[in-house]
1. Residue under question is residue 480, and the condition is that it be open to solvent by 50 Å² or more (accessible area, probe 1.4 Å), out of contact with any strand residue (DSSP E or B) (no Cβ under 7 Å at 6 or more places or on another chain), farther than 30 Å from residue 338 by Cα and of a type in the set (S, T, N, Q); does it hold?
2. Whether any residue in the range 748-761 is open to solvent by 30 Å² or more (accessible area, probe 1.4 Å), within 22 Å of residue 648 (Cα to Cα) and at pLDDT 95 or above is what I want to check.
3. Taking residue 588 as meeting all but one of (1) within 22 Å of residue 478 (Cβ to Cβ); (2) open to solvent by 50 Å² or more (accessible area, probe 1.4 Å); (3) over 44 Å from the mean Cα position of the chain (by Cα), write down the number of the exception.
4. Could you pull out the residue among 718, 710, 706 that is among the acidic types (Asp, Glu) and either under 60 Å from the mean Cα position of the chain (by Cα) or open to solvent by less than 20 Å² (accessible area, probe 1.4 Å) (or both)?
5. Tell me which residues, restricted to the range 624-638, are within 24 Å of residue 484 (Cβ to Cβ) and among the polar types (S, T, N, Q).
6. Going residue by residue through the range 651-661, is there one that turns out to be among the charged types (D, E, K, R), in contact with a Gly (Cβ under 8 Å, 6 or more places away or on another chain) and in contact (Cβ under 8 Å) with a residue 12 or more places away in the chain?
7. If we scan the range 627-634, do we find a residue that is free of Cβ contacts under 8 Å to residues at least 12 places away in the same chain and either within 23 Å of residue 755 (Cα to Cα) or of a type in the set (Val, Ile, Thr) (or both)?
8. It is to be established whether one or more residues within the range 451-464 are crowded, with 24+ Cβ neighbours inside 10 Å and assigned to a strand (DSSP E or B).
Amino acid sequence: MRARWWGTGAVVAAAVCGTLVVQGVSGGDSGHDGKTAAAPVRDRVRSAALDVRGDGTGATLARRDAKPFSMLGVSWEKPSARLAGKVEVRSRAVGSGKWSDWLLLDSDRGAGEQKAARGGTEPAWVGLSDGVEARINGKATAKLPAGLRLDMITAAGKSTGGDAEPAAYVADGPDDTGEPVATDTPTPTSEPTDVTTTDPAPPEETTAEPSPGESSTEPPTESPSAPESTGSTGPTDSASPSDSATPSPSLSVPTAPRSTVPRPPITPRSGWQADESISPEAPTYIDGRIKAVVVHHTASTNDYTCAEAPSIINAVYTYDVTGLGWKDLGYNFVVDKCGTIYEGRKGGVDLPVVGAHAYGFNSQTTGIAVLGTYVDSPPPMAAMASVARLAAWKLGQYGVQPDATVTLTTALSGQNLAGRTWEPGEEMTLPAIHGHRDGYNTLCPGDAFYAALDTVRTLAAGPVTGLTLGTVTGTGTVGTTPYTNGPLTVSWSTTTPASLISSFRVLVDGRTAATVAGSATSAKLTLPAGTHKVQVEAVHQSGRTATSATRTVVADTTAPTFTTKPNLSLRTGTVSTTAVPLTLGWKAADNVSLKETRLTAPLARTYGPTVTSAAQTARSGAATAWTLRAYDTLGNSASASVSGTPVILQETSATRSGTWTTKSSTSYLGGRSLSSSTKNASLTWTFTGRSVAWVVSRASTSGQADIYVDGTRLTTADLKSSTTAYRNALWTRTWPTSAKHTLKIVVRATTGRPAVTTDGIVYLK
């Protein structure tokens, strides 16, 4: 909200902001991204005089039709006059025909523009409307100012109906309490004297001949203005260099100082299609330096799309210049809720242009207004971040820290919302970024936005807040400690928007290991072997830094080892020429943590870290290589292998003693076997290998045999089985290395079941 004061030595009551809810706003994208320059838009102001009561303490504009408009305000003849009372308006939405509730307008008197033509309220964006009603309830002790009228701004190209929804307002409570209350006061019985009332419908409005109750205000050819401080030596004939205006060769302008922080993107005046012809007067420049930034809200609707922001800015510009006779838009900059920054008053965004936004302090400050009303909730973070970036850039041009306090010298007498009063020439200590209410008696920039100004200062000044070290991927966790064996990705998050962050650095043991842009949320790096402390440092655009907590990460490239090399042994089970039962054994270990062991050939299997053997089968007579790879938690790996050839020795290759009978069956290895029931009958095989298995047939009547290895009796094998089995590896023996051995079986001729039937042996070489 802008200060609208006139004269000196005045103390006024707090300006009360109405809450406005607009369900549909007329307007479009007029190149607001600043990338294209659209043709200037010339909005139009139409006015209707208010009927003042005989005692001068109240006024009305009876409900009436109007040509479509989107913004309105109430103005009066003398800018120095004070309107002590409640100003309320309501409008009828185009299309639906629905009338809004009463909207309370800020009746703040005066302005930051000393040579304005009229005094006026703040303008309010109401959406596309074609009907209006107004009322002013003044105070019994003070008459209303003369020349009261309702000014209606029609956005160019928006003079017809459309799909805009009706506006809906919540008016502030009675007696300036600020409490919302819906009102529906009957239309006053007295009609305005300058509005024709003989016909139910108001007279038609025309451009050439305005109706008796409504006038069409053409753009002024000149709006004289002077700087607030007589010490200003600003130019007088044309605009300064900026994104939107180029000075004439004769214009002397200040040199734009370099800022300590980057300049944010700023949409020039052409982006909201400013009609420069209606404000031909040259800008005025601060004689010295900008000391502070004053933050405002426009006390208008929050329910707009960001594509509609240029239309709203243009309408405010038209009201200020054409309706009130200001030299230009009052604010130096305007920000919409999506964070787009717009150049406001012309003269050069990088120059110290005197605005009309902070009564008594315009010649020492720059003004930033956010479109909307922020009494109950602050602007979105995107808008606050843009305000912070813009404020930091402007203050950085003059060496002012955004979180500093500054001393301002009052140019005029005044009072702020907290009740502090001052006279011209006094010194006031204020934050370098402060709210309008700190230097003027207004609720602006709204309670919620004002409470959030500390956040804006921190965003502008730094350091980065909320820096949190997130996941470290590319690692394995052992206990609670992350381990890595190669490239890893460190991630983080902040509460400070990326637009205010210059860069991030990943620190390893306090030294920079990786640097990425301020928009990044992660970085990749590779750690040398060993234990390291990893953290992230955020560099704010101001140069201030913030560092996250540290996290211990161990870089380990040591592969697992096979403490027991892979080995093969024969096992019990059914033997065939294509599948000889084997056991593959191993033992793997790791210096940190073994994850698994994988068999990769001749087939693929995966075993857990505690598994040390697995049952396999192999084709007889063929050499088979068995390859294992052990993995640790980090992915380090090592492989080892073993080869073996199972060999079947038939019973016919044995040396016999005693009586043996040949049996034939497809169930036997090779189709035949030897059987004996003679006590001490024996078979002896000689082989060279590291593992051996005796292969037999078994049944419930099978007997027993003693087993000798290399001449030593090792055990007695019982062939009895409840189920019949053929080619059964009944007994096995394995040695650490391959060597020449003899295996001898001797029939015991067990009573009742003396028979022993054998297929031969299998050995592993």
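The values are calculated or read from the model by the stated rules, or taken from the named source; none is laboratory data. This structure is a prediction, so every number in the text was calculated from the model and none was measured. All Cβ positions, glycine included, derive from the backbone under ideal geometry; neighbour counts span all protein chains shown. Side chains included, ligands, DNA and RNA excluded: accessible areas come from the protein's heavy atoms. Shrake-Rupley method; radii C 1.70, N 1.55, O 1.52, S 1.80 Å.
1. In short, yes.
2. No, the conditions are met nowhere in the range 748-761.
3. All conditions are met except number (2).
4. On the way: 718 fails: either under 60 Å from the mean Cα position of the chain (by Cα) or open to solvent by less than 20 Å² (accessible area, probe 1.4 Å) (or both); 710 fails: either under 60 Å from the mean Cα position of the chain (by Cα) or open to solvent by less than 20 Å² (accessible area, probe 1.4 Å) (or both).
When all the criteria are applied, what remains is 706.
5. Step one: of the range 624-638, the residues within 24 Å of residue 484 (Cβ to Cβ) are 629-638.
Matches in the range 624-638: 633, 636, 637.
6. Taking the range 651-661 and keeping what is among the charged types (D, E, K, R), we get 651, 656.
Right, trim to in contact with a Gly (Cβ under 8 Å, 6 or more places away or on another chain) and you get 651.
Now narrow it down to the ones that are in contact (Cβ under 8 Å) with a residue 12 or more places away in the chain: 651.
Looking through the range 651-661, at least one residue is among the charged types (D, E, K, R), in contact with a Gly (Cβ under 8 Å, 6 or more places away or on another chain) and in contact (Cβ under 8 Å) with a residue 12 or more places away in the chain.
7. So in the range 627-634, the residues free of Cβ contacts under 8 Å to residues at least 12 places away in the same chain come out as none.
Looking through the range 627-634, none of the residues is free of Cβ contacts under 8 Å to residues at least 12 places away in the same chain and either within 23 Å of residue 755 (Cα to Cα) or of a type in the set (Val, Ile, Thr) (or both).
8. First, the residues of the range 451-464 that are crowded, with 24+ Cβ neighbours inside 10 Å: 456, 459-460, 462, 464.
Pick out the ones that are also assigned to a strand (DSSP E or B) and you get none.
No: zero hits.
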